[in-house]
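Reading through the C-alpha cells given below for one structure.
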Amino acid sequence: MKKAMIRLRMSEHDAHYAGGLVNGSHMLDLLGDVATELLIWSDGDEGLFRAYKDAEFLAPVYAGDFLEAVGWFTKMGNTSRTMEFEVWKVAQPVKDAEYPSACDVLSEPILVARATGVCVVPKECQRGAQIPHEELL
C-alpha cells in the first residue's frame, strides 16, 4: 500500500487560541491535501471530498510544531474512494530554551489526529491511474 505524506510546520498564523494552540480545522486542511494527492495518483483528477467520518483530535498542536499528515486508500469503488488518515507531531519548539529558535525532534512521534474520509471522482473526470492500482491498496 502506497501512502501519501505532507510535512508542514504550524506557524503563528495558524494559531487560533491562547497559548499558540492551533485549530483542529488545520488538520482537516492537511488531510484534504493528502486526499488530493491520492486521487491524482488513482485517477489523474483532484476529485471532490464528500465526507469525513470519525475525525478525532487526539493531542494538542501548537504554533511551531512540525507535522506529518499521511493517508492511504482502504477501498476503491466505481467513483468513491475511501481513505484513512493520520497526523503525527514529529518535532516541536523547546519551551523556555536559551535560544528561542530551539526545536527537538520527538523520539516517539505523537498521533495528534486521525480520520476516515470518502472522496468521489466522477466517471467523466477519471483519466486513468497514474500509479498502478495494485500499488495503491
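The values are calculated or read from the model by the stated rules, or taken from the named source; none is laboratory data. These numbers come from a predicted model, not from an experiment. As a convention, Cβ positions derive from the backbone with ideal geometry for all residues, glycine included, and neighbour counts pool all protein chains shown.
Before moving on, here are some points about what is shown:
- Scan the range 98-119 for residues that are modelled with pLDDT under 95 and touching a Gly at 6+ places or on another chain (Cβ under 9 Å) and the total you get is 1.
- The residue list Lys95, Lys123, Lys75, Lys89 contains one member that is on the phi < 0 side of the Ramachandran plot and crowded, with 17+ Cβ neighbours inside 10 Å, which is Lys89.
- Of all residues in the range 1-23, those that are farther than 14 Å from Phe85 by Cα and either in a helix (DSSP H, G or I) or not β-branched (Val, Ile, Thr) (or both) total 15.
- Among the conditions (1) among the aliphatic types (A, V, I, L, M); (2) in a strand (DSSP E or B); (3) free of Cβ contacts under 8 Å to residues at least 40 places away in the same chain, the only one that Ala97 does not satisfy is (2).
- A single member of Val112, Val34, Val22, Val94 is among the β-branched types (Val, Ile, Thr) and touching a Leu at 6+ places or on another chain (Cβ under 7 Å), and it is Val112.
- Hey, Ile110 among the β-branched types (Val, Ile, Thr) and in a loop (DSSP other than H, G, I, E, B) or not: no
- Meets criteria (in a loop (DSSP other than H, G, I, E, B) and surrounded by fewer than 18 Cβ atoms within 10 Å (Cβ to Cβ)) for Ala55: no
- Taking (1) under 15 Å from Arg7 (Cβ atoms); (2) more than 14 Å from the chain's Cα centre (by Cα) in turn, Phe85 satisfies each apart from (2).
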